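To start, the structure itself, in structure tokens.
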DNA sequence: CGATAGTATCAACAGGGTGTCGAGACGACG
DNA sequence: CGTCGTCTCGACACCCTGTTGATACTATCG
């Protein structure tokens with residue numbers, strides 16, 4: 001068995017465990033044993049639980065960014081349709097990797113590194129959304145109002161939190177199947193008025 | 001020194017520590033020593049770190065609920081003013097107790113009890129907001145749309161997340177002084193249309 | 001075909017955290 | 001002056017983390 005196989009085994013063990021219980025209930029020993037190695041050997045491959053999580057997480061983010069396409073850039077074509085399309089792309093990916101998503105949210109609370117990585121990802125989306133809002137305002141489709149960046153930040157943080165509550169099943173939450181519709185409606189009203 | 005004094009000392013020690021570093025970096029021994037008692041004695045007063053936090057947290061929630069008054073119920077009088085008034089009341093309290101607020105957010109990720117308590121609080125606000133939205137729709141001030149409850153949940157989760165990002169200073173975030181204004185604008189547009 | 005260098009592995013250690021138990025100190029009150 | 005709550009903590013058992021140092025295995029080259 002090669003080093004790459006071992007590393008994959010660690011990722012697989014982690015993904016299995018995280019689908020069974022919360023991140024803070026999983027020890028490095030659990031992950032290591034699940035991958036058929038000892039705890040010190042785990043440290044040969046990863047620096048921490050969080051490092052394993054980030055590895056899985058980044059793969060997931062790549063998938064999400066690929067799937068979303070350029071919906072936001074083409075928002076002028078048909079705002080409701082493009083918004084819905086983009087949100088559905090993200091939510092489908094997060095839903096497909098629910099355990100990793102929830103573990104990521106948990107890790108963000110205690111790991112500065114996870115927090116920073118997620119913040120950087122959010123930052124790119126905020127930039128794109130703010131640009132799209134400004135373009136819609138420039139062409140007269142959307143009325144002026146609060147700074148586009150502040151609007152983009154607030155709406156994206158809403159998406160994050162609403163999706164998380166729905167996936168975690170923590171009340172109060174919007175039903176999973178209604179998440180995309182509700183978020184789309186609020187974005188449309190917040191950006192375009194009616 | 002009486003038992004009540006000791007208990008107060010524990011709360012004070014906790015509040016001081018939590019203003020210096022993150023919750024997960026604080027051990028029960030730290031809290032106990034800061035209160036001038038031993039670790040086992042800590043357990044005589046509280047079952048866990050989270051129990052101390054919840055004690056402080058509930059006091060803070062009482063303050064917030066008192067300060068907010070009945071802004072939401074009187075929303076018909078002047079929606080922008082009432083909304084702004086209510087949001088400012090909450091945000092002021094959270095800002096005045098920033099370390100406790102941030103510790104609460106951190107604890108929610110790992111403690112089912114904290115998560116449940118916060119969920120119950122959110123649930124009461126969701127009920128009030130949904131009722132207010134339905135009343136505005138009934139009197140024709142607000143147009144129909146997505147279910148009032150889903151709208152209320154999403155907007156309140158947005159408020160929670162936006163306020164948290166601002167208080168934690170985790171990018172991307174809205175500047176503290178702009179939070180209330182931005183949130184008010186989005187609520188107005190989401191509920192009333194333009 | 002042996003020397004050597006990089007890769008991989010883990011027993012054992014050091015350090016820190018949690019929660020509990022049982023023995024005792026202390027004050028109030030019948 | 002006993003005795004009963006209240007209060008206190010040393011000591012223990014246990015779990016978790018991250019590192020060290022000894023050891024294997026493997027591949028490549030002179």
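The values are calculated or read from the model by the stated rules, or taken from the named source; none is laboratory data. Note that this is a predicted model, so its numbers are computed, not measured. Every residue, glycine among them, receives a Cβ derived from its backbone with ideal geometry; neighbour counts consider all protein chains shown.
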Handout entry: Which numbered condition residue B:119 fails, given (1) crowded, with 23+ Cβ neighbours inside 10 Å; (2) within 11 Å of another protein chain (Cβ to nearest Cβ)
Key = (1)
Exercise for the section: Consider residue A:8 carefully, then state whether it is within 13 Å of DNA strand D (Cβ to nearest atom), modelled with pLDDT of 95 or more and closer than 27 Å to residue A:116 by Cβ. Expected result: no
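Could you say which residue among B:182, B:121, B:126 is closer than 14 Å to residue A:157 by Cβ and at pLDDT 95 or above?
Values: B:121 fails: closer than 14 Å to residue A:157 by Cβ; B:126 fails: closer than 14 Å to residue A:157 by Cβ.
None of the other options fit; the residue is B:182.
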Practice task
Return a yes/no flag: does the range A:138-148 have any residue that is closer than 22 Å to residue A:61 by Cβ, surrounded by fewer than 20 Cβ atoms within 10 Å (Cβ to Cβ) and at pLDDT 95 or above.
Solution key: no
Handout entry: Unmet criterion (only one of (1) in a helix (DSSP H, G or I); (2) facing chain B (nearest Cβ under 9 Å); (3) touching a residue at least 12 places away in the same chain (Cβ under 8 Å); (4) buried (at least 20 other Cβ atoms within 10 Å of the Cβ)) for residue A:104
Key = (2)
Practice task
Could you tell me which numbered condition residue A:141 fails, if it satisfies all but one of (1) in contact with a helix residue (DSSP H, G or I) (Cβ under 7 Å, 6 or more places away or on another chain); (2) within 10 Å of another protein chain (Cβ to nearest Cβ); (3) more than 30 Å from residue B:23 (Cα to Cα)?
Solution key: (2)
Exercise for the section: Report yes if residue B:109 is without any contact (Cβ under 8 Å) to a residue 12 or more places away in the chain, surrounded by 14 or more Cβ atoms within 10 Å (Cβ to Cβ) and within 14 Å of chain A (Cβ to nearest Cβ), otherwise no. Expected result: yes
Practice task
Starting from residues that are within 13 Å of DNA strand C (Cβ to nearest atom) and touching a helix residue (DSSP H, G or I) at 6+ places or on another chain (Cβ under 8 Å), keep the ones in the range A:14-32 and report whichever is nearest to the other protein chains (Cβ to nearest Cβ).
Solution key: A:24
